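For reference, the structure is listed below as structure tokens.
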Amino acid sequence: MANQEISGIVMKYPQERRFALAAMQDMQRALSYIPREGLELLAEHLQCPMAELYSMATFYKALSLRPRGKHIIKLCNGTACHIRGSVNLRKCVSEILGIEAGETTPDGLFTLEIVNCLGACASSPVILIDDIFYGDVTAEQVPEILSAYCEKETI
Amino acid sequence: MKTVYVCCGTNCLAAGAKKVLSELRQECAGMEAEVLPRIKETGCSGFCEYGPIVTIADEGENDITYYRVKESDAAEIAQKTIAKGELIPRLCFHKDRNQPVASKMENPFYSSQKKIALRNVGLIDPADLQDYLARGGYEGLKRALELGSEGVLEEMRLSGLRGRGGAGFPTAAKWETGAKQKEFPKYIVCNGDEGDPGAFMDGSIMEGDPHSVIEGMLIAAIAVGSEQGFLYIRDEYVHARRSIGKALEEAKKAGFLGRNILNSGFSFDAEIVRGGGAFVCGEGSALLESIEGKVGEPRHKPPRTSEVGLWRKPTVTNNVETLANVPFILAKGGKAFAQIGTEGSKGTKVFAMVGKVKRTGLVEVPMGITLHDLIFEIGGGIKNGRQFKAVQTGGPSGGCIPQSMLDLQVDFDNLTKFGAMMGSGGMIVMDDTSCMVEVARYYVDFLCEESCGKCTPCREGLRQMRHILTEICEGRGQDGDLETLERIARTMKDTALCALGRTAANPVLSTIRYFREEYNAHIHDKFCPAGVCSKLSVFKIDPETCVGCGLCSTLCPAKAVIGEAKHPYRIDPQRCTTCGSCRNKCPKKAIITERRGENGSKD
Ligand SMILES: Cc1cc2nc3c(=O)[nH]c(=O)nc-3n(C[C@H](O)[C@H](O)[C@H](O)COP(=O)(O)O)c2cc1C
Ligand code: FES
Ligand code: FES
């Protein structure tokens, strides 16, 4: 199934190197990561060394070689959010979920990412979970926000 | 017929603008034909702190603008303001307590702004090409087609426009170099990577007025002789990508893009490239590497990318805001543009004013405005009645400017002279609860993560600086640290491969220059006067000022506040993490900062 999906994504693009990033972004979106088979197939399709695609996958923050969680928590640490206390939120999220930045909870529910500016600085500090913005967040509110995403009672 | 504009910029969306919009639509649906308004979704109206924003405009110049509108206000707005033109003072901006202002232009946040790059943002529906055309859209393109390459270059020279992406390079000169190249094809690239944390003007322009960027690219293409363009848009900017994508389609349908544009014989097409989420890709040559489908590492210069760029062909790269200025210059003339601004910096600049300022938002002002006017007149001063401490401009390669220099006139050259930078126009206002050493460490940490690692001075220099700054923040600073920092900074400036490394030390150098005592307090007295570095400071409640309201004790996430209502509270220094929750909200400003002693307690 996954393999079919991968080849569907790869074959959609012309055999030109410039589509490497776009194809990998599509894989990322569809599978939540770039599997090894994906890199192999793309390298063959674009006729380029797999190592080069691998280095792209590790260079670009939008790409990941390990599966990401079901919900992506983007905690903004842009300057505006930083000086309005995003550090406290980070501590709080890490404590509750038991993961650090870049990690995924063992149950695969959450991935925590620290990002730079989500373009909503007026509401800083900001947390973006999937597509939903939470603005002017205080450490107090964090447990409540997260619990809405927990399918099981994990908190 | 009245028009209702509902701001659907990122901030207003986060504050619930969509709900307000749909509620207003419903309320208006059953109205009589003569009062039935047009309802439009617009891009960011600028005054984000007060969103969601709704403007009701008549056919003339009059408008009524409401702020912090809630879903539940929709019915009243429809019945009173839309149907009868009545004002609802509660929803207006108030100059002072009993003085509501109706029109946007009477609001001090807007009244001293001058909008060129943002001329349409917030006033048109970005998805509707007709809106853009009604406000003079694509007139600049028509004029450019008449003038041809040399004529366009002449207008650009007259305008004196300098790049808004950071370096302030004269746009005309860049285009001329591109035009001179004999190699084909040539490319036009729009840099919409906007990596500067705390800046969102390029995103807002792409979201709120996408055609102005496309028109700017078209005009650049005429000047340079290019037929293909790329818009590199930051990964996080979902709305911006959608908006530009839609606009490209519309422009193609209407014959502004594609083959034989407006029967002129000139052809140009453009496509979107989605960024991969790496700050360094905003750098001109790294961006081209990324478009080529590679790791986004900067190239050696020379040659300039305008000579040898994308696939080794001449490539002119401009920033979003730069391009958004171009249609205005062509339509109104370079001279009209040059009348605004200062000797060396013409026109206006958009700033994202954020941080501890009262009225956070996007502002566009003539070059040469003083920092004081920006922050205090337009921005309304500092939040929560605290003290201004510094303003950081220019993003991670910029600098911090202290109180004593608030009269500085903002333009490219002035900011550089004083150790800061225009950068992309991020302006982060800080109050006395920000620690300048920690701010420097924040930027160095940011750049350390974002440095591509290709050249040694940048990769290792940043690592060392981060180490030293962390030591200082955690109480292990030593004599000579500042000198070491300065030496590393000099080396990086002289030897790094790209501008990221060459400017990376600016935040450190500017804070050492203007806030040396604060560094010394950390290094010698092991004290963080701002109460940010938790290893060096601890909060205390001043028993004289405390009225015992108990707010702090409910807010404290570390449960460090002890006491009972109506009596002065106390803070347990062992537990206090100086997170600042109590200090931010204390109505009496009773929270003071003290030095943390050896055993975690105060001395
Ligand atoms: C590390 C680094 C990051 C940059 N990021 C951006 C950016 O996000 N957006 C941008 O327009 N320019 C950015 N620039 C500036 C570009 O290199 C380039 O000068 C600019 O896009 C040229 O357009 P302009 O002449 O219209 O300003 C960056 C430069 C450096 C060194
Ligand atoms: S800094 Fe966090 S949204 Fe801009
Ligand atoms: S998003 Fe509405 S004012 Fe900025």
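The values are calculated or read from the model by the stated rules, or taken from the named source; none is laboratory data. From a predicted model like this one, the values you see are computed outputs, not experimental measurements. Here the Cβ is made from the backbone with ideal geometry for all residues, glycine too, and neighbour counts use every protein chain on show. Surface areas here come from the heavy atoms of the whole protein model, side chains and all, with no ligands, DNA or RNA. Shrake-Rupley method; radii C 1.70, N 1.55, O 1.52, S 1.80 Å.
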| query | In the range B:122-146, which residue that is among the hydrophobic types (A, V, I, L, M, F, W, C) and over 26 Å from B:VAL224 (Cβ atoms) is most open to solvent (accessible area, probe 1.4 Å)? | reply | B:ALA134
| If you go through the range B:452-463, how many residues are more than 30 Å from B:VAL354 (Cβ to Cβ) and either open to solvent by 30 Å² or more (accessible area, probe 1.4 Å) or at pLDDT 95 or above (or both)? | 4
| request: Mind listing just one residue for me: the one in the range B:307-325 that is more than 10 Å from ligand 1 (Cβ to nearest atom), more than 14 Å from chain A (Cβ to nearest Cβ) and touching a residue at least 12 places away in the same chain (Cβ under 8 Å) and, of those, farthest from B:ALA179 (Cα to Cα)? | output: B:ALA324
| Single residue of A:LYS70, A:LYS74 found to be of a type in the set (Lys, Arg), touching a Leu at 6+ places or on another chain (Cβ under 8 Å), open to solvent by 10 Å² or more (accessible area, probe 1.4 Å) and more than 13 Å from chain B (Cβ to nearest Cβ) | A:LYS70
| Looking only at the range A:86-103, and only at residues there that are within 13 Å of B:SER581 (Cβ to Cβ) and among the aliphatic types (A, V, I, L, M), the one that is farthest from the other protein chains (Cβ to nearest Cβ) | A:LEU89
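When the range B:187-235 is examined, which residues are found to be among the acidic types (Asp, Glu), more than 16 Å from ligand 2 (Cβ to nearest atom), in contact with a Leu (Cβ under 9 Å, 6 or more places away or on another chain) and outside any helix (DSSP H, G or I)?
First, pick out the residues of the range B:187-235 that are among the acidic types (Asp, Glu): B:193-194, B:196, B:202, B:207, B:209, B:215, B:227, B:235.
If we keep only those that are more than 16 Å from ligand 2 (Cβ to nearest atom) as well, we get B:209, B:215, B:227.
Filter once more, keeping what is in contact with a Leu (Cβ under 9 Å, 6 or more places away or on another chain): B:209, B:215.
Listed by number, the list holds a single entry, B:ASP209.
Please indicate, with yes or no, whether at least one residue in the range A:114-133 is among the acidic types (Asp, Glu), out of contact with any strand residue (DSSP E or B) (no Cβ under 9 Å at 6 or more places or on another chain) and outside any helix (DSSP H, G or I).
Step one: filter the range A:114-133 for residues among the acidic types (Asp, Glu), giving A:130-131.
Those left that are additionally out of contact with any strand residue (DSSP E or B) (no Cβ under 9 Å at 6 or more places or on another chain): A:131.
From what's left, outside any helix (DSSP H, G or I): A:131.
Yes; the residues of the range A:114-133 include at least one that is among the acidic types (Asp, Glu), out of contact with any strand residue (DSSP E or B) (no Cβ under 9 Å at 6 or more places or on another chain) and outside any helix (DSSP H, G or I).
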| query | Restricting attention to the range A:101-108, does a residue exist that is under 13 Å from A:LEU89 (Cα atoms) and away from ligand 2 (no atom under 16 Å from the Cβ)? | reply | no
| request: Could you list, in sequence order, all residues of the range B:275-297 that are in a loop (DSSP other than H, G, I, E, B), touching a strand residue (DSSP E or B) at 6+ places or on another chain (Cβ under 9 Å) and facing chain A (nearest Cβ under 7 Å)? | output: B:GLY277
| query | For the subset of the range B:427-471 comprising residues that are at the interface with chain A (Cβ under 10 Å from one of its Cβ atoms) and small (Gly, Ala, Ser), which member is nearest to the chain's Cα centre (by Cα)? | reply | B:SER434
| task | Give the residues of the range A:17-64 that are away from every other protein chain (no Cβ under 14 Å), within 12 Å of the chain's Cα centre (by Cα) and assigned to a loop (DSSP other than H, G, I, E, B), sorted by residue number. | result | A:SER32, A:TYR33
| message | Can you pull out every residue in the range B:503-536 that is touching a residue at least 60 places away in the same chain (Cβ under 8 Å), open to solvent by 50 Å² or more (accessible area, probe 1.4 Å) and closer than 22 Å to B:GLY398 by Cβ? | response | B:LEU509, B:ARG513
| field | Sole exception among (1) part of a strand (DSSP E or B); (2) closer than 24 Å to B:GLU321 by Cβ for B:ASN11, by number | value | (1)
| Hey, B:GLU249 away from chain A (no Cβ under 13 Å), open to solvent by 40 Å² or more (accessible area, probe 1.4 Å), away from ligand 3 (no atom under 16 Å from the Cβ) and assigned to a helix (DSSP H, G or I) or not | yes
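Can you confirm whether B:GLU364 is under 25 Å from B:SER111 (Cβ atoms), outside any loop (DSSP other than H, G, I, E, B), open to solvent by less than 10 Å² (accessible area, probe 1.4 Å) and among the acidic types (Asp, Glu)? First the steps, then the outcome.
Values: under 25 Å from B:SER111 (Cβ atoms): yes; outside any loop (DSSP other than H, G, I, E, B): yes; open to solvent by less than 10 Å² (accessible area, probe 1.4 Å): yes; among the acidic types (Asp, Glu): yes.
Criteria met by B:GLU364.
Among the small types (Gly, Ala, Ser) and under 19 Å from B:ARG68 (Cα atoms): which single residue out of B:GLY368, B:GLY385, B:GLY380, B:GLY347 fits that description? Lay out the reasoning, then the answer.
Numbers: B:GLY368 fails: under 19 Å from B:ARG68 (Cα atoms); B:GLY385 fails: under 19 Å from B:ARG68 (Cα atoms); B:GLY347 fails: under 19 Å from B:ARG68 (Cα atoms).
Exactly one of B:GLY368, B:GLY385, B:GLY380, B:GLY347 is among the small types (Gly, Ala, Ser) and under 19 Å from B:ARG68 (Cα atoms), namely B:GLY380.
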| query | When the range B:5-30 is examined, which residues are found to be away from ligand 3 (no atom under 14 Å from the Cβ) and buried (at least 24 other Cβ atoms within 10 Å of the Cβ)? | reply | B:LEU24
| note | B:LEU36: passes all of (1) part of a helix (DSSP H, G or I); (2) surrounded by fewer than 18 Cβ atoms within 10 Å (Cβ to Cβ); (3) free of Cβ contacts under 8 Å to residues at least 40 places away in the same chain but (1)
| request: Give just the number: which of (1) over 26 Å from B:GLY426 (Cα atoms); (2) in contact with a Pro (Cβ under 9 Å, 6 or more places away or on another chain) does A:CYS150 not satisfy? | output: (2)
